[in-house]
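Read the structure below first, then the notes.
The values are calculated or read from the model by the stated rules, or taken from the named source; none is laboratory data. In this text the structure is predicted, and so the values were computed from the model without any measurement. Don't worry about glycine lacking a Cβ; one is built from the backbone with ideal geometry, like all the others, and counts go over all protein chains shown. The accessibility values were calculated without ligands, DNA or RNA, using every heavy atom of the protein model including side chains. Shrake-Rupley method; radii C 1.70, N 1.55, O 1.52, S 1.80 Å.
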Amino acid sequence: MRNNVIDHFLHQTQITGHISSRDIVKRIGTAGLMVAICIYAGFITHAALAGASVLLIELIAYPINKRASQLDKPISLPLAVALFIVNWSAMLPYLSFALILSQSATLPFVLAGYMWAFGIFVHVSNTFGLLPFYNWSQMTPAFGTVFLMFWILSHNPAHASSTLEWVIAAGLMVVYIVNTFDTMGRQKDTHRALDRAREEANTRLMELERLSRHDSLTGLINRRAFDETVESLMRQHANRQGVTVFLLDLDGFKPINDSYSHTAGDAVLCAVADRLRAIAGKDGQIARLGGDEFAVVKTTITSTKAAQRFGHEIITTIEQPIPVEQKKLLVGASVGIARQGHDADDLVTLMSGADQAMYLAKQDPNNAPMIFDKEAFPVRASLEDRNILINAMRNSEIVPFYQPKVSLNTNRIVGFEALSRWLHPTRGLLSPAEFLPQINELGLQGEFMLHTAEKVLHDIQKWSAEGLNPGQISINVSEVTLATVSGHNDLLEMIDHYPHLRGNLTFEITEDIFIARSSDVIQRSIANFRRAGVRISLDDFGTGFASFQHLKDLEFDELKLDTGFIRDLGIDPASHVLVNGLLSMGHGLGVQVVAEGVETPQQRDILKKMGCHVVQGYFYGMAAPFSETMIRLDAEGYHFNMPGARQAGTA
């Protein structure tokens, strides 16, 4: 008990030292004000003595308070006692100002003295209310001072009153004192209740945090916590051997659930967790990622051989019979391993590599652990990659850039092709080649198509609102959109939201799509889009497998010659013959022909002589974002209904 009281006293003393050293300027400043008031009231000598006493006690108290205010250093009991005495003594010269003014024959100065005393009450109760050793010790002389002021006033002829009147005043002061102490006591109760509520809330939050980071069955950390742990360890060990992740999936677990109930399955999962804990060591962290999938991260694996040895140890340990309800159940494990390094230098690559290695391990007849090798294991898109791409579309990180299509007759823009770019927050500007393969692999073609179309329509609407006409905007349409009812219905529904912009849309379709699916489905999709007012362009013409019969049967408005034919114009005579023939074919079918990949004045001049009307390529500009495209349209005068200005979209 005695030690507990001393500990509380030492703790409160350090806090008091911190407060006192912090407020010294404010205290001396207000003391100076009171000295001036007392001098003005005619108490020059008293004011000088009180002011000098304040300065002297503050000079003595400051170094003691400053030492005690160092909360990170323990304070000795003698120093605490010295600080207590000094701070209690410091109250006396400050209270003396109230006693001095109470001697005045002028009522305002007497009131000023009382206000000063009550100001000290408020300061002490607010500042030291939770520090009882200092609160009570400093309030006592403050209250005594007020009663002394009553006694002085009662003997001052200027304020003569009856004894009963002074008793009434003193009685009210007693009521005030009792109420003050009661209020301070209730404040402590309130603070204690708040502290208890805060502790309970923190306990609940910690429990919720624990539940959000741990698997409720096995007690292991979950995927979220494991990812955070691995990422932190990768940073810590980046300059050493790095970390090694072991991803394992149980073999033969589903039959246990089916044959022996989920209770038996849960018992097996708990046994596996216990065994992994036993072999992981102090440097290992184990997680249950979900279902029958577990993971281990180690920081002391120094070589591929050591990783393989530990992988074999995991398999051997898990293969031991697991006793459940007087039965011995058997499961195996497929283990995939990925080591931090050149092949996996970030969390996503590391986990994806371990996942790929585990997938191969499940197919291995020898049940050997597999180690990820970037050269032998092409990185597969993961569920996390899918979420990243979806979020990139939702956050408008993937946006259309616009490459101009130019009329060779007028040398003016007649439209644009929308080419998607990813404004990646960390990797910068990414071309389609860097993310379209993942979109296709993850089956996001439909979502990507709708996202692109909506962005393009929104941009056309904004240009139109500014009085600009961008002409025909081409969008590449995926096979999924054309070959599925839901795909083209979703796109048609979106187009219906912008009925006044349909005439600005061109859907580009590669010719090999026509034989990839049923021609009937493709033809119906194309017919539906054309009926909706959208132009159809056959992209990369001459590189696919479309036959003349397809050209005869399918409805389209434009042919785009592949850049491979244009590249060798003026160099290879065969290219000249092929381009000339394709242009004649397009003109004969009554469709517009666009030559892609124009990069030199020579290519432009040859195409113009051949009768090609519209071209596209780096010679006329790379794909640019919406804002730059708007500036270009505005600068070149592509406004609606402007006399003398040709509208984009007319060749």
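A few remarks follow.
- Filtered residues of region 378-421 (kept if part of a strand (DSSP E or B) and acidic (D, E)): E417
- Filter result for A197 (small (G, A, S), more than 29 Å from L55 (Cβ to Cβ), free of Cβ contacts under 8 Å to residues at least 12 places away in the same chain and open to solvent by less than 80 Å² (accessible area, probe 1.4 Å)): yes
- If only residues of region 304-329 that are free of Cβ contacts under 8 Å to residues at least 12 places away in the same chain and among the polar types (S, T, N, Q) are counted, the one that is surrounded by the fewest Cβ atoms within 10 Å (Cβ to Cβ) is Q326.
- A392 vs. criteria touching a His at 6+ places or on another chain (Cβ under 9 Å) and at negative phi: yes
- Screening H497 on (1) modelled with pLDDT of 80 or more; (2) surrounded by 18 or more Cβ atoms within 10 Å (Cβ to Cβ) shows it passes everything except condition (2).
- Wholly enclosed strands (runs of 3 or more DSSP E) of region 206-320 bearing at least 3 residues touching a Ser or Thr at 6+ places or on another chain (Cβ under 6 Å): none
- A112 of a type outside the set (D, E), assigned to a helix (DSSP H, G or I) and in contact (Cβ under 8 Å) with a residue 40 or more places away in the chain: yes
- Pairs, first of a type in the set (D, E) in region 225-250, second in a loop (DSSP other than H, G, I, E, B), C-beta under 9 Å, six or more apart: E231/D346; D249/G291; D249/D292
- Hits in region 85-120 (condition: more than 30 Å from A68 (Cβ to Cβ) and buried (at least 19 other Cβ atoms within 10 Å of the Cβ)): I100, L101, S102, Q103, S104, F109, V110, A112, G113
- Qualifying residues in region 335-365 (those that are in a strand (DSSP E or B) and not hydrophobic (A, V, I, L, M, F, W, C)) - the one surrounded by the fewest Cβ atoms within 10 Å (Cβ to Cβ): R339
- Matching residues, region 591-603, being under 19 Å from N409 (Cβ atoms) and open to solvent by 70 Å² or more (accessible area, probe 1.4 Å): Q602
- Residue in region 408-417 that is without any contact (Cβ under 8 Å) to a residue 60 or more places away in the chain, surrounded by 23 or more Cβ atoms within 10 Å (Cβ to Cβ) and farther than 16 Å from Y618 by Cβ present: no
- Selection within region 550-573: residues that are of a type in the set (A, V, I, L, M) and at pLDDT 85 or above. The member of this set that is most open to solvent (accessible area, probe 1.4 Å) is I571.
- T190 meets the stated requirement of being open to solvent by less than 80 Å² (accessible area, probe 1.4 Å), over 22 Å from F118 (Cα atoms) and modelled with pLDDT under 75.
- Residue that is open to solvent by 20 Å² or more (accessible area, probe 1.4 Å), in contact (Cβ under 8 Å) with a residue 12 or more places away in the chain and not in a loop (DSSP other than H, G, I, E, B), where the choices are D490, D459: D490
- Only residues that are at negative phi and loosely packed, with under 14 Cβ neighbours inside 10 Å were counted across region 239-273, and they come to 8.
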